[in-house]
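The values are calculated or read from the model by the stated rules, or taken from the named source; none is laboratory data. Everything numeric here is computed off the predicted structure, so don't read it as measured data. As a convention, Cβ positions derive from the backbone with ideal geometry for all residues, glycine included, and neighbour counts pool all protein chains shown.
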Amino acid sequence: GAALQRPLWASTSTKNPDYPDTLYVDKLIGPHTVNTAPPKTIDAFVDHGSVAVTIEAGIDEAVQVFTDLEQTGVDMTKVTDQLLTEGVDKFATAFNELIAAIEEKCKVIAA
């Protein structure tokens, strides 16, 4: 059979200082999930995080939010498509800049 697919929550540090420092780690705990976080966030979670299956909390409320958005004319498919495109573009730009920098370093070393 196929390998189990696991959601990967990447770089789940809290950027807004008004939020708890373990917010995204605490709220994204569930079976078969993977979470990558910077050391500072991991240290905070070890110190005062909550270990509990939280990913399933609030599902009914989340469904209602999406229903409300749809009823107000927000097209979530369009929103997520745009976010995906912008995110991929940013990663592609960063990757291309990295490759260009490596190529320049190689030229310097080879000279």
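Among the residues of the stretch 7-22, write down those that are surrounded by fewer than 15 Cβ atoms within 10 Å (Cβ to Cβ) and either of a type in the set (D, E) or closer than 15 Å to E56 by Cα (or both).
P7, D18 - these are the residues of the stretch 7-22 that are surrounded by fewer than 15 Cβ atoms within 10 Å (Cβ to Cβ) and either of a type in the set (D, E) or closer than 15 Å to E56 by Cα (or both).
Of all residues in the stretch 1-29, count the ones that are farther than 21 Å from F91 by Cα and either touching an Asp or Glu at 6+ places or on another chain (Cβ under 6 Å) or in a loop (DSSP other than H, G, I, E, B) (or both).
Counting residues in the stretch 1-29 that are farther than 21 Å from F91 by Cα and either touching an Asp or Glu at 6+ places or on another chain (Cβ under 6 Å) or in a loop (DSSP other than H, G, I, E, B) (or both) gives 15.
From the list V46, V88, which residue is without any contact (Cβ under 8 Å) to a residue 12 or more places away in the chain and either charged (D, E, K, R) or over 26 Å from A3 (Cα atoms) (or both)?
V46
Looking at the stretch 30-51, is at least one residue modelled with pLDDT under 95, part of a loop (DSSP other than H, G, I, E, B) and touching a Gly at 6+ places or on another chain (Cβ under 6 Å)?
no
Residue-by-condition table, conditions (1) surrounded by 10 or more Cβ atoms within 10 Å (Cβ to Cβ); (2) among the basic types (K, R); (3) outside any helix (DSSP H, G or I):
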residue	(1), (2), (3)
E56	no, no, yes
V63	yes, no, no
F66	yes, no, no
T77	no, no, no
L83	yes, no, no
F95	yes, no, no
A101	yes, no, no
V108	no, no, no
